[in-house]
Structure formats: structure tokens, C-alpha cells
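Quick note: the coordinates plus some simple rules give every number you see, no bench work behind them. Note that the structure is predicted; figures quoted are calculated from it, not measured. Every residue, glycine as well, gets a Cβ built from its backbone with ideal geometry; the counts of neighbours run over all protein chains shown.
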Amino acid sequence: MPVRTVDVGLDDRSYSIFIGPNALASLGNHCAGLQLGRRCAVISDHTVARRYGKRAMASLQAAGFLPALLTVPPGEASKGLKCLQACYDQLAAQRLDRRSFIVALGGGVVGDLAGFVAATYLRGIAFVQVPTTLLAQVDSSVGGKVGINLKAGKNLVGAFHQPRLVLCDLSALNSLPAREFRAGLAEVIKYGIIYDATFFGRLESQLPKLLRRDKRLLMDVVARCCEIKADVVRQDETETGLRAILNFGHTIGHAIEAACGYGAYLHGEAISIGQVAAARLSAELCGLPVADARRIENLFVRAGLPASIKLTSVRRAKVLGAMRLDKKVSGDEIKFVLARRIGEVQFGIPVNAKSIERALCGLARASTLSS
Ligand SMILES: NC(=O)c1ccc[n+]([C@@H]2O[C@H](COP(=O)([O-])OP(=O)(O)OC[C@H]3O[C@@H](n4cnc5c(N)ncnc54)[C@H](O)[C@@H]3O)[C@@H](O)[C@H]2O)c1
Ligand SMILES: [Zn+2]
């Protein structure tokens, strides 16, 4: 199967995304094309390193690099100050210099952490993304947002630092637990809703094949998602406007994650609920045909993702409170990304607390949309 390439055009920060089965074997060769130093560090988590660390190291060594492997425990807790400090210390011990580079081998946690390390170590060195979860391949590895969490909240410290290259190994998705794979599909479906009705229709008709992780289909799907993200990021790299559309379903999703305790829902699961709620709000406020809101909900449900959440009145208040704390909220107004139709969204739509509560109540009552 040939490798697919998607280019992210950002002037002197442009880079390519290579997508294919067994792409990891070509990591060294791809890095050799970047004209960087020989010393580099592969940052990964224990789970991913156990499966793919050796292959990554061997490929880099065969291309003449001198890689060091740094691992952190799997899970969101590694995206914090403690692991950040440990990474800096190890980079210094390995004598990485300004021409050295970092390879992020893993899911979004590793990508965000390693990317932030690269953005800040020696005031910024090059980095390469090798995403191994579906979510990371279609979303977090592309676009240059990197960062870590504080006790006070997720992603509160960060930077924009574009990778020099992204390598999506579709074969790595074979070992991904089913729940993680489905969570990634929530972001895949999002791209259809915000940007491409034809793609959404294709997901509807080919979902069973996608759930079987058919390689050819996955290649098309990952490539299309990367193209859409690249297109959006190219137009608005630092999120002054359009890039906000990537947050469809995320205002409610983030609030659910925060109110229910991180870990209760995977990010993809929380934004699945958030997108169904946003579709409901879109039908109420933005002219989305009710039939389309139903199609959106059905696709998430068929993908094995949650479309509803049971909320006690205390929880509901917590979710609304968390939404007001979201760093994307200014003042008292909560701004939403809503859909006019599948494939076309509008951002910055103020939604009052009453409508949000209604959407949340609707979610609490049943998973079927009322017309
Ligand atoms: N920077 C961005 O633009 C952006 C966008 C979306 C999400 N994110 C961030 O991404 C993070 C979530 O990323 P994620 O969902 O990839 O989670 P993750 O990195 O925690 O990975 C999920 C789990 O899967 C395991 N895993 C990874 N690849 C595997 C493989 N091939 N086989 C078997 N197991 C594997 C990991 O060890 C981990 O336990 C969050 O911190 C979120 O904030 C960032
Ligand atoms: Zn997301």
C-alpha cells in the first residue's frame, strides 16, 4: 500500500504528514531529510515504548542517529510538571544541543508533553510526531498546540510549536484498545460535521469496515481528517477565529470531563456527548434540520460512543460551572460552535444558560432527540 502525504502549509513552518502501514520503519529516513543533528531523544510512555520503542530506536540508529529513549507512565497524569522536569533533566544529561531533536512516540499525552519539552528546551528545538492512537493521528499531532496540565486545570501551560514532520503508522492502531479506538472516532466524526458532509456520509455507510480497522479505509480516513485540520490550521494557526470550529462539542465535553473527574470519561467519549448536545442546540438555534441532528446522534451511537449522560441536579450545576471556567469563555457569555447543516458550522454563537441546561436535561432524559 503506498504511503499518503498531507502537507501542512505554514510558510517556514510547513511540514508533511506521512500516513501508511508500518510507517515507523521509515522514521530514521524521514528524519534524515530534516538536516538536524545526530543526537535525539524519543519520548514515549511505558505501554507504547514496550511495543514500538525498539522499532523506533532501530530505525533512527540505522539512519545514523544517536537516540536516547525516555519513558513516562501512561496516562494523563504524565502531562504535568513532574514529568516535564524529568524530561528536561534527562535531555541535559544526554547533552542534547540546539541541533538535536525530539521524537514524540505515543498518544496525545506524549505528543503534548514531548512537544512542550521541545518548544522550551534551549528556547526551542525541533520535534517529530509519531502518533500511535487514532485521536493523536487525526488531531493532536497536527497543528502545533503543545502543553501540560496544572492542578488548576488541563492544558493551562503551553505553546504553539509546529512539528517538523508527522508520521502516522496505521499498523500501530492494531494494538489500540477498542475503547481508545472508538474515542478517536469521536474526533473523526467531528471533521465530517464541521467541514465535509460527503465525508460524514462516507462514515455513515462505511462505519462497520472502519470499526474493523480496515487499513485502506483507515488510510483514507486519517488522511482526510489531517487534510481538514491542516486546512483550518493554515488559515488560523494561533486560534484567533476559524480554528475554534475544531472545538465543536468541546465546550460541553470539557465541562463533562472536569465535572465528572478526569478519567471517568475518555476525552472522545465526553466530546461525543458534547457533540450530540451541540447538535441539539444547533437544531434549536442555528437552523440545523432535526433530521440531521438525528443522523449525528445515530452515528455516534453506532460507533459505540455515549450520546447521553445521567446528571443529577448537583452534577448539572457542576457542568455549567465548569463551562464558565473554560479558558475559551469570555465574560458571562458562553460561546458555542453550532452547525447550520452537516458540513458547515458557525463559531462564536452566544448561548444562554437556559438553552444549555435544556440541552443537558434533554441528554439526561433520553438519548433520542425530540423533534
Ligand atoms: N495538542 C492538541 O491539539 C490536542 C488535541 C486533542 C487532544 N489532545 C490531548 O491528547 C491527550 C489524549 O490523547 P490520547 O487519547 O491519544 O491518549 P493517551 O496518549 O493517554 O493514549 C491513550 C492510551 O493508549 C495507550 N496507547 C497509545 N498508543 C497505543 C497503541 N498503539 N497500542 C496500544 N496502546 C496504546 C497509551 O499508553 C495510553 O494508555 C489529552 O491530554 C488531550 O488534551 C491534544
Ligand atoms: Zn478533542
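The angle between the Cα long axis of helix 197-211 and the longest principal axis of the Cα atoms of the chain comes to about 70 degrees, rounded to the nearest 10. Charging the Cβ of each Asp and Glu at -1 and of each Lys and Arg at +1, and nothing else, the dipole of the chain about its Cα centre rounds to 720 debye. For the listed residue pairs Lys190/Lys335; Lys82/Lys310; Lys229/Lys354; Lys79/Lys229; Lys145/Lys209; Lys82/Lys215, the alpha carbons are over 26 angstrom apart in Lys82/Lys310; Lys229/Lys354; Lys145/Lys209; Lys82/Lys215. Under Stokes-Einstein, with the Kirkwood radius over Cα pairs as Rh, the value for the stretch 110-252 at 37 °C and 0.692 mPa s is 207 µm²/s. Peptide packing for 207-213, 35-41 was compared via the average number of neighbouring C-beta atoms within 10 Å per residue; ordered from the highest value, the list is 35-41, 207-213. Model label sites at Ala32 and Arg179, defined 7 Å from Cα along the beta-carbon direction, differ in position by 4.2 nm. Between Lys54 and Ala197, the distance separating the two model label sites (each 7 Å from Cα on the Cα→Cβ line) works out to 5.1 nm. Estimated from the Cβ-Cβ distance and a Förster radius of 51 angstrom, the FRET efficiency linking Ala77 and Arg216 is about 0.90. Counting beta carbons within 10 Å around each of Lys190, Lys82 and listing the fewest first gives the order Lys82, Lys190. Comparing Ala283, Ala56, Ala152 in a Gaussian network model of the chain (Cα springs below 10 Å), the most mobile by mean-square fluctuation is Ala152.
Sorted fewest first by neighbouring Cβ atoms within 10 angstrom, Met1, Met219, Met323 come out as Met1, Met219, Met323. In the frame of its principal axes, the chain has Cα extents of 62, 43, 36 Å, reported largest first.
Can you give the percent of C-alpha pairs in the stretch 210-341 whose distance is more than 26 Å? Counting every Cα pair in the stretch 210-341, those more than 26 Å apart make up 27 percent. Between Ser175, Ser26, Ser308, the Gaussian network model of the chain with springs among Cα atoms under 10 angstrom shows the greatest mean-square fluctuation at Ser175. Axis angle, to the nearest 10 degrees, between helix 250-259 and the longest C-alpha principal axis of the chain: 90 degrees. Sorted ascending by nearby beta carbons within 10 Å, beginning with the fewest, Lys54, Lys79, Lys354 become Lys354, Lys54, Lys79.
Converting the Cα gyration tensor eigenvalues of the stretch 33-155 into ellipsoid dimensions via √(5λ) gives semi-axes, longest first, of 21, 16, 13 Å.
With each label modelled as a point 7 angstrom along the Cα→C-beta vector, the Thr240-Leu66 pair spans 4.3 nm. Packing, taken as the mean count of other beta carbons within 10 Å per residue, orders the peptides 220-226, 232-238 from highest to lowest as 220-226, 232-238.
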